[in-house]
Structure formats: C-alpha cells, structure tokens
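The structure appears below as structure tokens.
Each reported figure results from applying straightforward, stated rules to the coordinates on display, with no laboratory input. Fair warning: this is a prediction, and the values are worked out from it, not measured in the lab. Note: ideal-geometry Cβ built from the backbone for every residue, glycine included; neighbour counts use all protein chains shown.
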C-alpha cells in the first residue's frame, strides 16, 4: 500500500472520529478500527521483511562485485577496473546506487510502518478521549461542578 493511500485512509477515519454526532459510534468502532490497522501493520511488516531480504541479497552481490569475486559476466556488463581493499569495500557499498535504491525502499517502508503503528496507538486512546469529551460537554452545560 502506498503512503498516500494510508494517509487517505487515516484521514477518513479521523474525520469520522472528529464529528460530534458520532462520539458514541466512534467509541464503539475502536475495536474494528484497531483490527483494520493491525492487519495493515501485519501486511506492511511482511513487505518490510521482503525489502530487507532483497537489500541483503543485493548487498552480498555488490560486495562480491567490489571484491573481484563476482561472476565474470557481471564485469563484462559493468566493468570495474579498481582493486578495492577489504577495508574500503564498505565505502563503495555506501556509495553504490543500486544498493541505495533498495535501502531507500527499506527506510520508506519502515516509515510507513511507524506511521501506522503510531496511529493505531492513538486509536486505542479514543475511548479515553471520548470519556473526556463527554465530561467536558457536561461541564459546559453545567451538569458537572
């Protein structure tokens, strides 16, 4: 799922929760919404794991490439004439475009997962917030002193 889709989904749910007329329904929807977002967290966690595995595979391939141990066909496609010291391999890996593309995917996926996790935590606090809202409305109406 793309981050914009997640943002839209969260916006729809937060708009519903903000409406005064929905305060009781919102409280009852908390378990349903938690379940929905926990499912999304699971899916996004599995996607993150897939990206992490892809990153590890590419990192291994690129390490072999920079140490001169890759398949000769790789050097025919992408010539590399430098002799890299073992201590400098990490420098080349950090600057490698292919590897950085995969790392960016991992980081973006981690951010998506954090976003979903934090929103799910806030949903769990809705019941508490609903109780406070009810008390505040009673206070404004003079029912609480």
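Among 91, 9, 40, which comes first, second and so on when ranked by fewest other beta-carbon atoms within 10 Å? Walk me through the intermediate numbers first.
Values: 91 12, 9 16, 40 21.
With the sparsest Cβ surroundings first, the list reads 91, 9, 40.
Tell me, what is the percent relative contact order of the chain, built from C-alpha pairs under 8 Å that lie six or more residues apart?
Details: 73 pairs, mean separation 50.7, N = 145.
Relative contact order of the chain: 35 percent.
Using only alpha-carbon positions, what ratio does the radius of gyration of the stretch 35-125 give when scaled by 2.2 N^0.38 Å?
Working: Rg = 18.2 Å, N = 91, 2.2 N^0.38 = 12.2 Å.
Output field value: 1.49.
So for the pair residue 8, residue 114, with labels modelled 7 Å out along Cα→Cβ, what separation do we get in nm?
It is 2.5 nm.
Rg to Rh ratio, the stretch 1-83, alpha-carbon atoms and Kirkwood radius?
Numbers: Rg = 23.4 Å, Rh = 16.9 Å.
For the stretch 1-83, the value is 1.38.
Ranking 139, 92 by Cβ neighbours within 10 Å, fewest first, what do you get?
Details: 139 11, 92 17.
In order of increasing Cβ crowding within 10 Å: 139, 92.
Per DSSP H run of at least 4 residues, take -39500 (n - 2.57); add these up for the chain, divide by its residues and hand me the 222 nm value, nearest 500 deg cm²/dmol. Walk me through the numbers on the way to the answer.
Numbers: 6 runs with 117 residues, N = 145.
Estimated from H runs of four or more residues: -27500 deg cm²/dmol.
Give the order of 51, 128, 80 when sorted by the count of other beta carbons within 10 angstrom, beginning with the fewest. Write down the numbers at each step before the final one.
Details: 51 19, 128 9, 80 13.
So the ranking, lowest neighbour count to highest, is 128, 80, 51.
Specify the inter-centroid distance of the stretch 89-145 and the stretch 18-66, based on alpha-carbon positions, in whole Å.
Going from one Cα centre to the other spans 11 Å.
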